Amino acid sequence: MKITFLGVGEGFDEDNTNTCILVEAAGRRMLVDCGATAPPSVWHKSQRPDYLDGIFISHFHADHIFGLPALMKRMEEDGRTRPFYLFGPVGSQRNVERLMEVAYQGMVAKLPFTLRFRELQRSHRWDDWNLRVVNTRHSVQNLGLRLEAGSPTKVFCYSGDGMFTPTASKLYTNADLLVHDAYTMDGTVKNFKKEVITIGTKTHCSMQQLERLDDMARPKKMALIHVNRNLRKNRNEILKKYKQRRWIMPESGDVINL
Ligand SMILES: [Zn+2]
Ligand SMILES: [Zn+2]
């Protein structure tokens, strides 16, 4: 299983592309989230219209799904004909189609390829891939994902945005790689004026809470993404602090082979 970080940024980061990850295993390619700023990173990876088999959408926030209209539109222009799969929370079809209609009116009806929506509630078998999801805590419904694929089987887990629950911790147990929202260090961030803003741990996860998750779920590797833009400027100090835990804070373009 090959994981490519196409984007690792939060919603409003001037340096980092919105969270967007490419997962390749068992002859299949799936994108994981595609925010507003993500499509160019996908096109830099490949310009082939049939490069991707599908996408997993964790939740309906602009920095996770607003790249979809451009992604689909370019596939249409470049002549895609084979179906495209969309995995996401209940309501995905309605939300994605509405988004595409606002972006390019009439686009959905004109697409020369089929969109196959799979609204996930627990688990879903996609040929050799096994996807399992649970709800986590965010300001809107958000799915944490466990993906098992390949032989020998490898396990990729992804939090989307939000704070984990006991059920999510169980879902992530023994993952080969857990990619997790690490928006704050301790539930607070600093804004442009250096004022401290309390985010808490009800809508985003903190690195302090991730220590707890790491101890419970014991993933083989943990990647911290969606780090607040001002906090991320201390990347080196954070990595030093967590050296013992072997945590990584990937940059765009980084690849991990599991
Ligand atoms: Zn986000
Ligand atoms: Zn969000």
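The values are calculated or read from the model by the stated rules, or taken from the named source; none is laboratory data. Here the structure is a predicted model, which means the values were calculated and not measured. In this analysis, Cβ positions are derived from the backbone assuming ideal geometry, glycine residues included, and neighbour counts consider all displayed protein chains. With ligands, DNA and RNA removed, areas are computed over all heavy atoms of the protein, side chains included. Shrake-Rupley method; radii C 1.70, N 1.55, O 1.52, S 1.80 Å.
What's the total number of residues in the range 199-258 that are part of a helix (DSSP H, G or I) and of a type in the set (Gly, Ala, Ser)?
Of the residues in the range 199-258, 1 are part of a helix (DSSP H, G or I) and of a type in the set (Gly, Ala, Ser).
Scanning the range 52-67 turns up at least one residue that is farther than 23 Å from residue 141 by Cα and open to solvent by 10 Å² or more (accessible area, probe 1.4 Å). Would it be correct to say that residue 35 is in contact (Cβ under 8 Å) with a residue 40 or more places away in the chain, in a loop (DSSP other than H, G, I, E, B), of a type outside the set (A, V, I, L, M, F, W, C) and closer than 19 Å to residue 138 by Cα? Answer is no for this residue.
Does at least one position in the range 180-192 carry a residue that is part of a loop (DSSP other than H, G, I, E, B), more than 28 Å from residue 24 (Cβ to Cβ) and within 16 Å of ligand 1 (Cβ to nearest atom)? Show your work before the answer.
At the first step, the residues of the range 180-192 found to be part of a loop (DSSP other than H, G, I, E, B) are 182-183, 185-187, 191-192.
Keeping just the survivors that are more than 28 Å from residue 24 (Cβ to Cβ) gives 185-187, 191-192.
Restricting the remaining residues to those that are within 16 Å of ligand 1 (Cβ to nearest atom) gives none.
No, the conditions are met nowhere in the range 180-192.
Among 91, 67, which is the only one that is within 16 Å of ligand 1 (Cβ to nearest atom) and of a type in the set (Gly, Ala, Ser)? Step by step, each of 91, 67 is checked, and only 67 is within 16 Å of ligand 1 (Cβ to nearest atom) and of a type in the set (Gly, Ala, Ser).
Of all residues in the range 9-23, those that are farther than 21 Å from residue 52 by Cα have Cβ atoms under 6 Å from Cβ atoms of residues that are more than 11 Å from ligand 1 (Cβ to nearest atom) and of a type in the set (Lys, Arg), 6 or more apart or on another chain, in 13/229.
Each row is one residue, and each column tells you yes or no for (1) within 15 Å of the chain's Cα centre (by Cα); (2) farther than 24 Å from residue 68 by Cβ; (3) within 16 Å of ligand 1 (Cβ to nearest atom); (4) open to solvent by 40 Å² or more (accessible area, probe 1.4 Å).
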| site | (1), (2), (3), (4) |
| --- | --- |
| 121 | no, no, no, yes |
| 131 | yes, no, no, no |
| 136 | yes, no, yes, no |
| 172 | yes, yes, no, no |
| 177 | yes, yes, no, no |
| 200 | no, yes, yes, no |
